[in-house]
Amino acid sequence: DVQKKLDVASKFLNVKFYYLSRDYSYIENIYSFDDYSSLIEKIKKSNNKWLIFSNFEGEKIKKMLKEADIDCVFMSREKINSNDEVNDEYNYIIDNETFRPKILISTSVLDNGVNIKNDGRNSSDKVLDIVIDSFDRTEFIQMLGRIRRNSEDKINLYIKKYSVDDLKKLLKNDVKSLLQRLQNDLLDK
């Protein structure tokens, strides 16, 4: 039992730890997908809103959805700061805890401190499908937690599958980024 292990550590370290188990029973279905094009038909047939988190392919997804004549907006920190339409939508989300287009595509800019509420809304205004394209555990949990649902809502979760080549590219980019930060830190000293 996790709580018992934390209690032992608490006594040894003279620090109090808390373990709160998470309840994911509201997730009705979990799907995996290889490519966003496989989701376009599902999105077209869906009557409710979708929230798509992608740190890597936001512009590509937006283009695919626009070509399929699906109303969407792509939100990133850069877009919020440089695009009035995206900034207006961001402020609308903060003020109203919902979004106007059928599809909201976002980077992790929305993964913390932003709520999307389903309470008291009609079914076409609810977010019942969430797509997460992240393999970072904390980020994934934060993204999943953006939807504040009422107790009877069931969510469909779509998780991006990564190929070995995809993972190699991401790892290479992470290593480059880490080396750049180390170099900058050394130059600052």
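Here are a few things to note about the model shown:
- Some residue of the range 94-113 being at pLDDT below 90 and hydrophobic (A, V, I, L, M, F, W, C): yes
- Of all residues in the range 26-77 being in a loop (DSSP other than H, G, I, E, B) and of a type in the set (Gly, Ala, Ser), the one that is nearest to Leu110 (Cα to Cα): Ser76
- Test: Asn83 is over 15 Å from the mean Cα position of the chain (by Cα), at pLDDT below 90, surrounded by 13 or more Cβ atoms within 10 Å (Cβ to Cβ) and within 20 Å of Ser108 (Cβ to Cβ): yes
- Hits in the range 37-57 - residues which are crowded, with 20+ Cβ neighbours inside 10 Å and under 15 Å from the mean Cα position of the chain (by Cα): Lys49, Trp50, Leu51, Ile52, Phe53, Ser54
- Qualifying positions in the range 9-36 - modelled with pLDDT under 90, open to solvent by 100 Å² or more (accessible area, probe 1.4 Å) and among the hydrophobic types (A, V, I, L, M, F, W, C): Phe12, Leu20
- The one condition in (1) touching a residue at least 12 places away in the same chain (Cβ under 8 Å); (2) loosely packed, with under 10 Cβ neighbours inside 10 Å that Arg149 fails to fulfil: (2)
- When Val164, Val127, Val175, Val131 are screened for being modelled with pLDDT under 85, among the β-branched types (Val, Ile, Thr) and surrounded by 10 or more Cβ atoms within 10 Å (Cβ to Cβ), only Val175 passes.
- Residues of the range 124-141 that turn out to be in contact (Cβ under 8 Å) with a residue 40 or more places away in the chain, farther than 16 Å from Ile52 by Cβ and either under 13 Å from the mean Cα position of the chain (by Cα) or not in a helix (DSSP H, G or I) (or both), as a count: 1
The values are calculated or read from the model by the stated rules, or taken from the named source; none is laboratory data. Predicted, not measured: the structure shown is a model, and the values here were computed from it. Cβ sites come from the backbone with ideal geometry, for glycine too, and all protein chains shown count toward neighbours. To get the accessible areas, we keep the full protein, side chains included, count just its heavy atoms, and leave off ligands, DNA and RNA. Shrake-Rupley method; radii C 1.70, N 1.55, O 1.52, S 1.80 Å.
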